[in-house]
Each structure stands twice: as structure tokens, then as C-alpha cells.
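What follows is a short report on a single structure.
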């Protein structure tokens with residue numbers, strides 16, 4: 001006879017994400033790595049700044065509620 005084990009919902013979520021590949025597109029990752037390696041990867045600083053500001057606004061709105 002064995003010892004009963006219970007797995008938390010968080011552990012089940014992590015396991016499901018690992019099993020599903022975590023939504024990572026391996027081909028896209030490979031393409032970005034290749035672009036970085038050959039120097040053709042371009043960073044869109046405006047898009048990064050916009051996303052940082054949006055994330056900060058979301059964080060602040062959650063903190064206020």
C-alpha cells in the first residue's frame with residue numbers, strides 16, 4: 001500500500017503548461033536567434049516603451065483597487 005499524495009492546483013497548472021510546450025514557438029525562437037547571430041535583428045524601442053508603459057499602468061490600476 002502506498003501513501004496518498006495530493007497535488008495543488010498550482011502544480012497541476014505548471015505541469016499542464018510544461019506538457020503543452022508552454023506556448024513557445026520553437027521555429028520563431030530559432031529564427032530570432034539566427035537574426036541576433038547574423039546581426040539582422042532590429043529592436044523596436046517604441047514598441048518596447050509602449051508595452052512597458054501599458055504594463056505599468058495595469059500594475060498601478062490593480063494596486064489601487
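Read the figures in this text as sums done on the coordinates, not as results from a lab. Only a predicted model underlies this, so the values are computations on that prediction, with no experimental measurement involved. Cβ atoms come from the backbone with ideal geometry, glycine included; neighbour counts cover every protein chain shown.
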Could you state the angle between the C-alpha long axis of helix 45-64 and the longest principal axis of the C-alpha atoms of the chain, as a value from 0 to 90 degrees rounded to the nearest 10?
40
Expected sort for 3-15, 25-37 on mean C-beta neighbours within 10 Å, highest first, is 25-37, 3-15
For helix 26-38, what angle does its Cα long axis make with the longest principal axis of the chain, in degrees from 0 to 90 and rounded to 10?
40
Using r as the Cβ-Cβ distance of residue 35 and residue 55, and R0 as 35 Å, what FRET efficiency do you calculate, to the nearest 0.05?
0.90
Between helix 9-19 and the chain: long-axis angle, C-alpha atoms, 0 to 90°, nearest 10:
60
